[in-house]
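> What follows is a single structure, and I will ask about it in a moment.
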Amino acid sequence: MTEDSQRNFRSVYYEKVGFRGVEEKKSLEILLKDDCLDIEKLCTFSQRFPLPSMYRALVWKVLLGILPPHHESHAQVMMYRKEQYSDVLHALEVIRFISDATPQVEVYLYMHRLESGKLPRSPSFPLEPEDEVFLAIAKAMEEMVEDGIDCYWLTRCFVNQLNNKYRDFLPQLPKAFEQYLNLEDSRLLSHLKASSAVSKLPYDLWFKRCFAGCLPESSLQRVWDKVISGSCKILVFVAVEILLTFKIKVMALNSAEKITKFLENIPQDSSDAIVSKAIDVWHTHCGTPAHSA
């Protein structure tokens, strides 16, 4: 029996006896023991498998550049990150831009704005659309990560990834969504077009916010594993699967406003199944995706 077939046999056996992911967890632990973490291998692992919750924050921090690949530098670099966090927080307090009553996610936003050189003159200034995206992602991240400093850095660097690495790809996702929905269910797409809903679907919620505020965090983090490790195209397949899952409901609605309102507030109890199916279809169409888009 070859090494691959042995591994496949073991994986099937582990899944049957309730230990799904045991082999994958061991593989990740081996990767994380290297003195210098292999970014490419961590990306490949994250694309192929869901990250175990106990290692997710560490892998995300490495892939987002918050921590360097070298293990021996992690403690020192995180010390610098904490000092920078404290300095920026203190600066906002000194200029009385924030107070004890300021919601934590807004504190993160103003810290990000200050570090980006874009702090408004007053917190009473209206929020920009990009601020709304940051707040949505920060609120979701807050549910995933216990430590406030980690939450800030992960949110900031994830948003920067979306604004930089994926800047040219995100505007293309609505068209890709339409193409894949047509492949999966052309009748459903025809209904959306007949209802004039295609151009009014919640693309900002799906693609700019990466489903933050749409999916519960337990499902959302599995999607973000893929985005952070190199593929924003997973977002398209999650959107398609949402439409397919709630096809009967959507087909019963005959106006763009009603369809959009429903899709912005989908029932949460189907989220895990939606994400699992979306990841399967994503792999079917894209194979093991490259770490570009």
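The values are calculated or read from the model by the stated rules, or taken from the named source; none is laboratory data. Quantities reported herein were computed from a predicted structural model and do not represent experimental measurements. Here the Cβ positions follow ideal geometry from the backbone for every residue, glycine too, while neighbour counts run over all protein chains shown. Just the protein is used for accessible areas: all its heavy atoms, side chains included, with ligands, DNA and RNA removed. Shrake-Rupley method; radii C 1.70, N 1.55, O 1.52, S 1.80 Å.
> Using a simple spin-label model with points 7 Å from Cα along the Cα→Cβ vector, what separation in nm is obtained for Tyr80 and Glu264?
Label-label distance for Tyr80 and Glu264, simple model: 4.3 nm.
> Here's a follow-up. Under a 10 Å cutoff between Cα atoms, tell me which one of Ser122, Ser86, Ser218 has the largest fluctuation in the Gaussian network model of the chain.
Among Ser122, Ser86, Ser218, the largest GNM mean-square fluctuation belongs to Ser122.
> Next question. Rolling a 1.4 angstrom probe over the protein heavy atoms, how many square angstrom per residue are accessible across region 65-209?
Numbers: 8020 Å² over 145 residues.
So region 65-209 comes to 55 Å² accessible per residue, rounded to a whole number.
> Continuing with this model, one more query. Mind giving me the nanometre distance, one decimal, between the label points for Ser73 and Thr102, set 7 Å out from Cα along Cα→Cβ?
Label at Ser73, label at Thr102, 3.1 nm between them.
> Identify the trypsin sites (Lys or Arg not before Pro) of region 64-152 meeting these criteria: DSSP loop state and at most 15 other C-beta atoms within 10 Å of the C-beta.
Arg96, Lys118, Arg121
> Using Cα pairs under 8 angstrom and six or more residues apart, how large is the relative contact order of the chain, in percent?
This gives 19 percent for the chain.
> Give the cross-link partners of Lys61 among the lysines, using a straight C-alpha distance below 17 Å as the criterion and excluding same-chain residues fewer than 8 apart.
Those lysines meeting the cut-off are Lys33, Lys41, Lys82, Lys165, Lys226.
> What's the center-to-center distance, using Cα atoms, between region 214-265 and region 44-94 in Å?
Using only Cα atoms to place each centre, the spacing works out to 28 Å.
> Is region 195-293 rounded, prolate or oblate when judged by the Cα gyration tensor, a ≥ b ≥ c being the square roots of its eigenvalues, rounded requiring a/c under 1.5 and prolate requiring a/b larger than b/c? Let's see the in-between values first.
Details: a/c = 1.81, a/b = 1.73, b/c = 1.05.
The shape class here is prolate.
> How many percent of the accessible area of region 110-163 is carbon or sulfur, using a 1.4 Å probe?
Carbon plus sulfur share of accessible area: 45 percent.
> Can you give the helix-only mean residue ellipticity at 222 nm for the chain, where every DSSP H stretch with n ≥ 4 adds -39500 (n - 2.57) and the sum goes over all residues, rounded to the nearest 500 deg cm²/dmol?
When only DSSP H runs of four or more count, the value is -20000 deg cm²/dmol.
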